[in-house]
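Structure, as structure tokens:
The values are calculated or read from the model by the stated rules, or taken from the named source; none is laboratory data. Bear in mind that the values here come from a model prediction, so they are computed numbers and not experimental data. So basically every Cβ, Gly included, is an ideal-geometry build from the backbone, and we count neighbours across all protein chains shown.
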Amino acid sequence: MADSLSPECTPLKHKYDSCFNEWFEGYLEPAIAASATQPEREAYSRQKAAEFETKCGKIWKEYKTCVHDSLKQKGLDPLIQQAREENPLKEPPAGQSTPSDRV
Amino acid sequence: MHFFSQVYNYNHPWSHVVIGMWHKYPNPKCSHVISIDVLDRSVDPKTGIIRTERILGCKQKAPGWIVKLFGGSEDAFVREISFIDPRNQRASISSVNMSLSQFATCVEQIEYSPASHDCTAFTQTAEIQARLGIWRSAADGLERWLVQRFEQNAHLGKLGFTDVLRRLWEERQQLQSVAA
């Protein structure tokens, strides 16, 4: 696992990464299974999103606070703000094939 | 403006590549990436798409004239936004430099999509452009350096990720066969 830009955040970051990776690996395969109907998929996504919050929410908050403080100290805040304004990237890029196009 | 693109197939199923994405660094082949931080992450309860915003810290010595003209240090930061869409088996990753961004931008786009059940297509494109209004020959020089650096890192990134995927899934296969 990669380190944080701030050594004091690295232990929290590693804990958070482990938590996410474990959750993610359990999430992915069932989410790929295309047989489910739209309501079933939505129910699954909602349930797993809630599970992620329950499992990793606490460590996420601790890690996030640590990183935000470090970014401020290093004066990186304005760079991030500017990058977000120039490219919000809130939605996935468009123009891709849909699953029905694929074999 | 310079364009770069490469297409490559990883011999792993899409889900393995996407799991491997989070294990790519630290990587001895990509030693210029020294830190990664997650700034934001959300799971869309409707679509199941995971969006992650990360900051990658890179260390790479810039030529002296670039440091003199444009300032900056060895530490450079890149903002990366990824979307993982399990339903459509699509992962897209956009990266933009934050450091030196007042002089030049390097916008990179990566896609992972299934090529077959055990093979994943990787597409990488980048646009590198010095901003208008800076001295032309300096802008050209800066662009050239960024392109060189990008191409080198793109090559190493591919090799490095190949190693990570092989190691990750070989290890897990061994664990499984031991457990069986």
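Take the residues in region B:30-51 that are more than 9 Å from chain A (Cβ to nearest Cβ) and buried (at least 18 other Cβ atoms within 10 Å of the Cβ); name whichever of them is nearest to B:Ala139 (Cα to Cα). Let's see the steps before the verdict.
The first filter runs over region B:30-51 and keeps only residues more than 9 Å from chain A (Cβ to nearest Cβ), leaving B:30-32.
Pick out the ones that are also buried (at least 18 other Cβ atoms within 10 Å of the Cβ) and you get B:30, B:32.
Values: B:Cys30: 27, B:His32: 24 Å.
Filtering region B:30-51 for residues that are more than 9 Å from chain A (Cβ to nearest Cβ) and buried (at least 18 other Cβ atoms within 10 Å of the Cβ), the one nearest to B:Ala139 (Cα to Cα) comes out as B:His32.
Of all residues in region B:89-108, those being assigned to a strand (DSSP E or B), of a type outside the set (D, E, K, R), closer than 22 Å to A:Phe24 by Cβ and within 8 Å of another protein chain (Cβ to nearest Cβ) number 2.
Screening B:Ser73 against (1) more than 9 Å from chain A (Cβ to nearest Cβ); (2) polar (S, T, N, Q); (3) under 15 Å from the mean Cα position of the chain (by Cα) leaves a single unmet condition, (3). The residues listed here are B:Ala154, B:Ala126; of these, the one that is more than 11 Å from B:Ala104 (Cα to Cα), among the small types (Gly, Ala, Ser) and part of a strand (DSSP E or B) is B:Ala126. Looking at region B:165-174, is at least one residue in contact (Cβ under 8 Å) with a residue 40 or more places away in the chain, within 14 Å of chain A (Cβ to nearest Cβ) and either under 19 Å from B:Lys29 (Cα atoms) or not hydrophobic (A, V, I, L, M, F, W, C) (or both)? Checked region B:165-174: at least one residue is in contact (Cβ under 8 Å) with a residue 40 or more places away in the chain, within 14 Å of chain A (Cβ to nearest Cβ) and either under 19 Å from B:Lys29 (Cα atoms) or not hydrophobic (A, V, I, L, M, F, W, C) (or both).
With respect to B:Val17, determine if the residue is crowded, with 17+ Cβ neighbours inside 10 Å, farther than 26 Å from A:Ser6 by Cβ and within 17 Å of the chain's Cα centre (by Cα). First the steps, then the outcome.
Working: crowded, with 17+ Cβ neighbours inside 10 Å: yes; farther than 26 Å from A:Ser6 by Cβ: yes; within 17 Å of the chain's Cα centre (by Cα): yes.
Taking the combined requirement at face value, the residue satisfies it.
All of (1) within 10 Å of chain B (Cβ to nearest Cβ); (2) in a helix (DSSP H, G or I) hold for A:Asp3 with one exception: (2). Listed here are the strands (runs of 3 or more DSSP E) enclosed by region B:1-88 that have at least 3 residues being of a type in the set (Asp, Glu): B:75-85.
Here B:Ser82 does not fit the description of being at the interface with chain A (Cβ under 7 Å from one of its Cβ atoms) and either on the phi > 0 side of the Ramachandran plot or surrounded by 20 or more Cβ atoms within 10 Å (Cβ to Cβ) (or both). Among the residues of region A:9-51, those identified as within 10 Å of chain B (Cβ to nearest Cβ), surrounded by 14 or more Cβ atoms within 10 Å (Cβ to Cβ) and of a type in the set (A, V, I, L, M) are A:Leu28, A:Ala31, A:Ile32, A:Ala36, A:Ala49. Considering region B:134-150, the residues that are basic (Lys, Arg) and modelled with pLDDT of 85 or more include one that is surrounded by the most Cβ atoms within 10 Å (Cβ to Cβ), namely B:Arg149. Scanning region B:162-180 for residues that are under 12 Å from B:His16 (Cβ atoms) and either surrounded by 14 or more Cβ atoms within 10 Å (Cβ to Cβ) or among the small types (Gly, Ala, Ser) (or both) yields B:Val164, B:Leu165, B:Arg166, B:Leu168, B:Trp169.
For A:Thr37, only one of the following conditions fails: (1) under 13 Å from the mean Cα position of the chain (by Cα); (2) at pLDDT below 95. What is its number? Here A:Thr37 meets the rest and fails (1).
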